[in-house]
Amino acid sequence: MTADERKRTLLSLVPLAVLVGLLSLDIAIFGSDSILGASQVSLLVASGVCVALAAWRYKMSWKTFEGAIAKYIGEVTSAILILLLIGAISGTWMVSGVVPTFVCYGLKIISPKVFLLTACVLCALVSVITGSSWTTIATVGVALLGIGRAEGFSDAMTAGAIISGAYFGDKISPLSDTTIMASSINSVPLFTHIRYMFFTTVPSFVITLAVFTVLGLFHGGSGHDSVQLYSDVLSQRFHITPWLLLVPLLTLVMIARKLPAIVVLAVSTLLAAAAALIFQPETVAGLGESVTEGSRAKIFFAGVVESIYNTVSLETGNPQVDQLVTSRGMLGMLNTVYLIICAMCFGAAMRASGMIGDLARILQPFTRKRTGLVASTVVTGTALNGIVSDQYLSIILTSNIYRETYEKGGWEGRLLSRSVEDSATVTSPLVPWSSCGMTQATILSVPTLVYAPFCLFNIISPLMSIAVAAIGWKIVRKSSQEKSVSLPQQ
């Protein structure tokens with residue numbers, strides 16, 4: 001590295017240092033609520049610092065940055081639309097009773113002898129269907145923690161099973177905002193990204209389930225009062241019927257047929273809205289009556305629209321169940337949209353100024369071979385969780401740092417998007433001062449460093465990503481993509 005390159009690299013560290021410093025203050029002051037606005041402000045300030053430095057040192061004009069920002073934001077417009085549709089599904093699947101039905105049937109399969117295995121699988125399924133690890137942990141996870149205590153399991157072990165399952169489901173769910181973010185930022189179709197993750201995610205989850213099965217077999221158990229209470233409350237509030245499972249089933253069929261994500265989400269929202277009118281008319285009417293008066297048709301229409309766009313809280317008489325049946329709607333996704341737009345501003349400024357390339361130069365010696373490239377990506381994504389304390393920012397920054405390196409090396413974008421998810425997404429709850437670590441520790445009342453050793457999936461996943469890269473399983477260069485020939489070990 002020449003003297004000029006060293007100077008450029010040091011200058012490129014300034015905006016990143018400013019961002020890290022501001023985010024540290026955000027976490028210290030606002031805690032997990034920093035994502036509601038403080039983190040976005042920090043991103044914009046760091047973007048301004050980057051622009052100012054580039055204008056001063058490299059004499060770059062504002063038009064250059066303006067064009068880059070417009071281009072970057074334009075690249076994620078489809079992701080923003082998908083996020084809004086996810087909010088719509090969150091509301092309609094809840095109001096229609098799809099999620100409550102799924103939870104009720106899932107809770108019935110719990111057996112003391114395989115409690116940890118069942119808890120992990122159940123959280124995975126709920127997380128897949130809701131697209132949110134946080135919601136899963138705060139609802140079903142809290143209930144399972146109480147059951148685990150009653151059956152003699154340590155809180156750390158139960159919390160590890162809950163978080164492992166929730167993050168597995170979140171990672172492969174087409175409804176997950178982190179999954180959509182990782183795929184869209186790297187210009188990879190959503191379902192292509194999800195299918196490619198199976199090669200690392202499924203083996204990691206299988207190993208996780210095997211270990212939890214062994215651990216669970218050494219424990220006995222007693223009754224399931226908590227499970228019964230949870231099921232009874234949901235059954236009293238919603239009309240629970242297997243017919244409602246047709247909505248997620250038809251959604252899976254559309255996904256299997258490789259329909260565009262926007263089409264799948266839009267149709268699924270309409271199916272759930274129709275199911276809400278058929279199976280939960282009282283709930284829909286209650287939502288409609290809270291905003292309008294008039295004919296029955298007008299009230300029903302208002303109720304359906306309310307479930308699609310607004311944050312809806314349904315009272316059940318049980319605080320834990322109330323958390324589960326609270327849906328985000330489109331409005332609930334706006335903070336994430338806000339974060340994405342601000343992050344794109346920062347990424348565009350860093351890319352247009354050449355600072356991303358300067359930072360990537362530090363890592364170049366480690367990225368010349370396939371295994372080293374993936375390992376560097378995984379380590380960076382994991383480290384950024386500790387530095388910026390937020391999984392969303394870790395996903396964005398890691399993608400921005402390595403995108404050009406993957407492109408120049410001829411590697412597929414899906415390899416980068418998968419490597420980012422295998423690290424930045426799943427390791428976030430293992431960091432005590434990150435938004436995820438603080439949130440899960442608070443929700444479950446188990447310190448992060450206490451439950452972390454039992455978050456087996458979150459620990460195995462980044463290691464599996466590196467192992468698969470070393471083997472070269474289903475990893476091809478762009479020029480060889482049509483032949484689908486795996487590369488030999490490098």
Residue ID - farthest from Val284 (Cα to Cα), chosen from residues in the range 327-354 that are buried (at least 19 other Cβ atoms within 10 Å of the Cβ), modelled with pLDDT under 80 and of a type in the set (S, T, N, Q): Thr336
The range 1-49: number of residues that are of a type outside the set (S, T, N, Q), assigned to a helix (DSSP H, G or I) and within 15 Å of Tyr338 (Cα to Cα): 8
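Under 17 Å from Ser394 (Cα atoms), touching a residue at least 40 places away in the same chain (Cβ under 8 Å) and surrounded by fewer than 19 Cβ atoms within 10 Å (Cβ to Cβ), is that true of Leu81?
no
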Going by the conditions given, is Ile278 at pLDDT below 90, outside any loop (DSSP other than H, G, I, E, B) and of a type in the set (Val, Ile, Thr)? no
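One line per residue, one yes/no per condition, for (1) aliphatic (A, V, I, L, M); (2) farther than 30 Å from Ile443 by Cβ; (3) buried (at least 21 other Cβ atoms within 10 Å of the Cβ):
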| residue | (1), (2), (3) |
| --- | --- |
| Ser34 | no, no, yes |
| Val41 | yes, no, no |
| Gly48 | no, yes, no |
| Val51 | yes, yes, yes |
| Ala54 | yes, yes, yes |
| Arg57 | no, yes, no |
| Met60 | yes, yes, no |
| Phe65 | no, yes, yes |
| Ala70 | yes, yes, no |
All helices (runs of 4 or more DSSP H) inside the range 138-200 with 3 or more residues being modelled with pLDDT of 85 or more and under 17 Å from Leu125 (Cα atoms): 155-172
Does the range 381-400 contain any residue that is of a type in the set (Val, Ile, Thr) and more than 19 Å from the chain's Cα centre (by Cα)? no
Take Gly294 and decide whether it is surrounded by 15 or more Cβ atoms within 10 Å (Cβ to Cβ) and either of a type in the set (A, V, I, L, M, F, W, C) or not in a strand (DSSP E or B) (or both). no
Would you check if Ser428 is crowded, with 23+ Cβ neighbours inside 10 Å and over 20 Å from Tyr196 (Cβ atoms)? yes
Neighbours by Cβ (under 6 Å, 6+ apart or cross-chain): first from the range 172-189, in contact (Cβ under 8 Å) with a residue 40 or more places away in the chain and under 19 Å from Thr427 (Cβ atoms); second of a type in the set (Asp, Glu) and part of a helix (DSSP H, G or I): Ser176/Asp170; Ala182/Glu421
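Residues checked against (1) touching a residue at least 12 places away in the same chain (Cβ under 8 Å); (2) part of a helix (DSSP H, G or I); (3) more than 19 Å from the chain's Cα centre (by Cα):
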| residue | (1), (2), (3) |
| --- | --- |
| Gly303 | yes, yes, yes |
| Met344 | yes, yes, no |
| Ala349 | yes, yes, yes |
| Pro365 | no, yes, yes |
Residues in the range 446-458: is at least one part of a loop (DSSP other than H, G, I, E, B), out of contact with any Cys (no Cβ under 6 Å at 6 or more places or on another chain) and at pLDDT 90 or above? yes
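The values are calculated or read from the model by the stated rules, or taken from the named source; none is laboratory data. Just so it is clear, the model here is predicted, and its values are computed rather than measured. Note that each Cβ is placed from the backbone with ideal geometry, even for glycine, and that neighbours are counted across all protein chains shown.
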